[in-house]
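Structure record follows, encoded as C-alpha cells.
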Amino acid sequence: MELEISPVDGSDRFAIVVAEWNRSITEKLLAGALGTLQANSVSPEAVDVAWVPGAWEIPLVAQRLAQSRQYAALITLGAVIRGETTHDEHINRGVSLALVEIALSNDLPVLFGVLTCNSMEQAIHRSGGNVGNKGSECAEAALKMVGLLKNIA
C-alpha cells in the first residue's frame, strides 16, 4: 500500500528560522519559502518567522519552536560559505546534527535549508539562481512531510 500525501489545511502552522548572516542570500531563501507556502494555500498568518544571528543559532530557536507544539513543520534557512579556515565545517556539522535530533525527538519535520557552499557564487545560484531556490524546495518538502505524516498512525 502506498501512503498518500494529504493537502495541508487551515489549521497547519509553519515556522521558519532564518539566519541573518549572509542576509543577501538568506532573504532570497526566505522569499522562496514564503512564496511556495502561499502558492500552496498556506496563509501568511499561519507562518511565523524567527531571525537569528547566524546558522549556529538556528538549532536552539528551532528546538524551542518544536517544543511549543504549535507547528506542523519547521523550515531552517541559512548560508554557511567556506572561508580560509575549517570554521564552516564545524558550523555545518553541528547545525545539521542538532536539527536532525530536534526533528526526531519532537516527531516533527525540520527541513534543512542551510546552504553549505564553497563560494558566494554557489550560494547565489542556490538562492534563486540557475540551481533553483533551496528555500522554496524546503517549503515544498515541508508541505509533503506534513501531508504524509497525517496518513501515518
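Throughout, read-outs are computed from the coordinates displayed, never taken from laboratory work. Predicted model only: the values in this text are computed from it and were never measured. Quick reminder, even Gly has a Cβ in these numbers, built from the backbone with ideal geometry, and neighbours come from all protein chains shown.
For this structure, a couple of remarks:
- The residue among VAL61, GLY128, ALA19 whose Cα reaches farthest toward the positive pole of the charge dipole of the range 14-149, with charges on the beta-carbon of Lys, Arg, Asp and Glu, is GLY128.
- Gain in span if fully extended, LYS144 to VAL100, counting 0.36 nm per residue against the direct Cα distance: 14.1 nm
- Each part reduced to its alpha carbon centroid, the range 76-153 and the range 36-67 end up 12 Å apart.
- Put simply, the amide H of ALA50, placed in the peptide plane, has neighbours under 5 Å in ILE16, VAL17, VAL18, leaving out anything fewer than 5 places away on its chain.
- The slack in the chain from SER6 to HIS90, taken as 0.36 nm per residue of separation less the alpha-carbon distance, amounts to 26.5 nm.
- The average projected area of the chain, computed from the convex hull of its Cα atoms over all directions, is 9.2 nm².
- DSSP beta bridges confined to the chain are antiparallel in about 10 percent of cases.
- Sequence-separation-based contact order of the chain, relative, with Cα cut under 8 Å and 6+ spacing, percent: 34
- Less than 5 angstrom separates the built amide H of TRP21 from those of GLY54, ALA55, all sequence-distant by 5 or more or on a different chain.
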